[in-house]
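Read through the structure below, which is laid out as structure tokens, and then see the notes.
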């Protein structure tokens, strides 16, 4: 591979070596079982990372609509401030559930929106 | 004594600013998920990658680890590559970041970043200087290299010994072409001062 290399070069002058190193590098990249080198410091990519802003807003809106719809099924005419307080408390488990679904390594915006909805419901 | 350099066949297109090189085209194909193109890209870049990595870690095994991590990250991050730009500098930026994570060598990288851009352009080394160094025996060269600053050593080794063009070494080290030439020139001058008398070389 390097038949006319300079004296003092410390890079191997052996095709087999370079082919093997390239193969190991490819393995590391594709993480083939058995030969792949683990790359530290890499956390799993959250599912929403690949979504566009519009798609994420749509998904968050859908999630909110589902929860909001369930709220509307309640008899709003009889809801009182106390009911709202109870309702906010009832939302917490779903909030946590959504947060866990998001598997957030950062605060999920949808969960923040849920808290806002619950807070506003409580203020009515 | 061999003076013909052949490493440019591996890296001839790493730093071309305009025309899209073979390396760039392979990168674009790999960006679209073409694994065979990525494998070809690895084969094209593995040699300069090891040469660059070895400048920042003490052993070949450490350098090989950096090379593997670099290609792994390159594959993962390919979507971020701007195909309008040469692939080489982008790739070696990843390599340097991987090397920087080897905490033992942080100080070395700090030194490099501090010395970049503060050195005025100096005359290019002449072929006579390079030829004179070619005549020295390898052990003495390495002993003298050990006394150079890391940046001088890296620039001289990549351009004077491994045969990379100064522009290629610049991409590999993340510094300007002119800075590479300045460091290489100063390294040769220092080596001449140290080794010249023993071999009857002209002192500067």
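Test of understanding: among A:29, A:36, which residue is within 32 Å of the chain's Cα centre (by Cα), at pLDDT 90 or above and facing chain B (nearest Cβ under 9 Å)?
Details: A:36 fails: at pLDDT 90 or above.
Unique residue meeting the criteria: A:29.
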Would a scan of the stretch B:1-18 turn up a residue that is crowded, with 22+ Cβ neighbours inside 10 Å and either at pLDDT 65 or above or more than 18 Å from the chain's Cα centre (by Cα) (or both)? no
Give me the pairs, please: first residue somewhere in the stretch B:138-150 and modelled with pLDDT under 80, second residue anywhere and not in a helix (DSSP H, G or I), beta-carbon distance under 6 Å, and either six or more positions apart or on two chains. B:138/A:7; B:138/A:8; B:141/A:8
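Could you say whether any residue in the stretch B:121-128 is modelled with pLDDT of 70 or more, farther than 25 Å from residue B:66 by Cβ and either in a helix (DSSP H, G or I) or more than 14 Å from chain A (Cβ to nearest Cβ) (or both)? Break it down stepwise before answering.
Of the stretch B:121-128, the ones modelled with pLDDT of 70 or more are none.
Among the residues of the stretch B:121-128, not one is modelled with pLDDT of 70 or more, farther than 25 Å from residue B:66 by Cβ and either in a helix (DSSP H, G or I) or more than 14 Å from chain A (Cβ to nearest Cβ) (or both), which makes the answer no.
Going through B:35, B:47, B:43 one at a time, which residue ends up being surrounded by fewer than 16 Cβ atoms within 10 Å (Cβ to Cβ), facing chain A (nearest Cβ under 9 Å) and under 20 Å from residue A:20 (Cα atoms)? Reasoning before the result, please.
On the way: B:47 fails: surrounded by fewer than 16 Cβ atoms within 10 Å (Cβ to Cβ); B:43 fails: surrounded by fewer than 16 Cβ atoms within 10 Å (Cβ to Cβ).
Of B:35, B:47, B:43, the one residue that is surrounded by fewer than 16 Cβ atoms within 10 Å (Cβ to Cβ), facing chain A (nearest Cβ under 9 Å) and under 20 Å from residue A:20 (Cα atoms) is B:35.
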Hey, residue B:27 modelled with pLDDT of 90 or more, closer than 19 Å to residue A:25 by Cα, crowded, with 20+ Cβ neighbours inside 10 Å and at the interface with another protein chain (Cβ under 10 Å from one of its Cβ atoms) or not: no
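Within the stretch B:92-108, does at least one residue satisfy the condition of being part of a helix (DSSP H, G or I), within 11 Å of another protein chain (Cβ to nearest Cβ) and either modelled with pLDDT of 55 or more or under 18 Å from residue A:9 (Cβ atoms) (or both)? Don't jump to the end; show me each part of the working.
We begin by selecting, within the stretch B:92-108, every residue part of a helix (DSSP H, G or I); these are B:92-100, B:103-108.
Adding the requirement that they be within 11 Å of another protein chain (Cβ to nearest Cβ) leaves B:98.
Checking which are either modelled with pLDDT of 55 or more or under 18 Å from residue A:9 (Cβ atoms) (or both) leaves us with B:98.
Yes, there is a match, as at least one residue in the stretch B:92-108 is part of a helix (DSSP H, G or I), within 11 Å of another protein chain (Cβ to nearest Cβ) and either modelled with pLDDT of 55 or more or under 18 Å from residue A:9 (Cβ atoms) (or both).
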Taking the stretch B:55-76 and keeping residues facing chain A (nearest Cβ under 7 Å) and under 16 Å from residue A:11 (Cβ atoms) leaves B:64, B:67
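The values are calculated or read from the model by the stated rules, or taken from the named source; none is laboratory data. From a predicted model like this one, the values you see are computed outputs, not experimental measurements. Here Cβ is always computed from backbone atoms with ideal geometry, including for glycine, and neighbour counts include all displayed protein chains.
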